[in-house]
Amino acid sequence: MAFVTHQIVRTMSSVSAKKLLVQHVTVIGGGLMGSGIAQTAAATGHSVVLVDQTEDILAKSVKGIEDSLKRVAKKKFADKPEAAADFIKKTMSNIKTSTDPASVVHSTDLVIEAIIENMQAKHELFKTLDTFAPEQTIFASNTSSLSVTEIANSTTRQDRFGGLHFFNPVPVMKLVEVVQTPMTSRKTFDALIDFSRAMGKQPVSCKDTPGFIVNRLLVPYMMEAIRLHEQGHGSKEDIDVAMKLGAGYPMGPFELLDYVGLDTTKFIIDGWHELEPNNPLFAPSEVLNKLVESGKLGKKTGEGFYKYS
């Protein structure tokens, strides 16, 4: 009897220690980031359901994914058109779409949220999904600037909640910041690390602090470039050239600001300033505020710090 009991305990311990394997993924949000995450997950053999509010949005997302895959396949299978066609067909077969997130999370291993950077919207989404998703399903947010802990607090699964911050464009950029909140379990964190690697990405471990690693360093750098220009210490053109030629950066800070979107940078820095009003690194910029107010948001609107024809 003692032997049988010992065997049962060993079996239970083995099951509890077993790693969580992510095979089925639900991506909420069919925008640039969500579509990129869905594409990359599908291309690496995962079953994906891409969710957004309307069929029209999803049709555009699917078309964007297919076009992106054609570019990838052309480069990856330059002299093998049949292999390229098979790659596209197989990847697309791994992607389904839906406008009803609650109806598709019942059999998913991982939910990745990539919607608007609005805390209330994320709370409402995850609170609903928490009711319908199985107990073992992991939730993750792709937020780049909001507190993952605060988002997780809208659910009853704080131990199965973490951050997966991908970078744009997702199919190309290798990095994923895997964010661990104070409540994220080791099992959940390991599953998110393993999933990132299975997607062909390089994960880095982050704590749930403003901006995690990349944006925490990058945004203050860009803001300091603006202040340098505001104070008359250098033209935007000279600052960009200096950082490209002197530091070896592929883009100068003003070029990067226009690429990222001035509204995005303003949103991030305003949020951080609200959290830490006395931190000089998070001080807002009058120049940035005026550009955003006038609708000059960077490349996407044709003008930001620079003009684009």
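The values are calculated or read from the model by the stated rules, or taken from the named source; none is laboratory data. What you are looking at is a predicted structure, and each value in this text was computed from that prediction instead of being measured. Cβ atoms come from the backbone with ideal geometry, glycine included; neighbour counts cover every protein chain shown. All accessible areas refer to the heavy atoms of the entire protein, side chains included, with ligands and DNA or RNA removed. Shrake-Rupley method; radii C 1.70, N 1.55, O 1.52, S 1.80 Å.
Below, the figures for the structure above:
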| item | result |
| --- | --- |
| If the convex hull is drawn through the Cα atoms of the range 259-298, its volume per residue in Å³ | 59 Å³ |
| Heavy-atom accessible area per residue - the chain, 1.4 Å, Å² | 53 Å² |
| Per residue convex hull volume, Cα atoms of the range 23-135, in Å³ | 87 Å³ |
| Accessible area of the range 76-150 belonging to carbon and sulfur atoms, whole % at 1.4 Å probe | 52 percent |
| Within the chain, helix-based [θ] at 222 nm, where runs of 4 or more DSSP H residues each add -39,500 (n - 2.57), nearest 500 | -16000 deg cm²/dmol |
| Out-of-range pairs (alpha-carbon distance over 18 Å; input Lys60/Lys122; Lys96/Lys174; Lys266/Lys290; Lys174/Lys244; Lys63/Lys300; Lys18/Lys187) | Lys60/Lys122; Lys96/Lys174; Lys174/Lys244; Lys63/Lys300 |
| Whole-angstrom gap from the range 223-245 to the range 102-119, using each part's C-alpha centre | 40 Å |
| Extension gain (nm, one decimal) between His106 and Thr301, 0.36 nm per residue minus Cα-Cα | 66.2 nm |
| Estimated FRET transfer efficiency (Ser309, Leu21; beta-carbon r; R0 41 Å; 0.05) | 0.25 |
| Loop-resident sites, the range 140-249, for trypsin sites (Lys or Arg not before Pro), counting at most 15 other Cβ within 10 Å (DSSP) | Lys174 |
| Cβ-defined net charge surrounding Val49, 15 Å radius [Lys, Arg +1; Asp, Glu -1] | -4 |
| Volume per residue of the C-alpha convex hull in the range 217-257, rounded to whole Å³ | 58 Å³ |
| Potential lengthening between Glu286 and Glu66 on full extension [0.36 nm per residue; Cα-Cα distance subtracted] | 75.1 nm |
| Three semi-axes of the equivalent ellipsoid, the range 70-192, Cα gyration tensor, whole Å, largest first | 31, 17, 14 |
| Choice from Val104, Val178, Val241 showing the highest fluctuation, given a GNM over the chain with Cα pairs closer than 10 Å | Val241 |
| Separation of alpha-carbon centers, the range 267-309 and the range 163-177, rounded to whole Å | 23 Å |
| q = 0.10, 0.12, 0.21 Å⁻¹, the range 192-309: log10 I(q)/I(0) [Debye, one scatterer per Cα] | -0.35, -0.50, -1.19 |
| Dimensionless Rg ratio for the chain, taking C-alpha atoms and the 2.2 N^0.38 Å reference | 1.12 |
| Within the accessible area of the range 181-298 (1.4 Å probe), percent carbon and sulfur | 58 percent |
| Taking the convex hull of Cα positions in the range 115-260, its mean projected area over all directions (nm²) | 9.9 nm² |
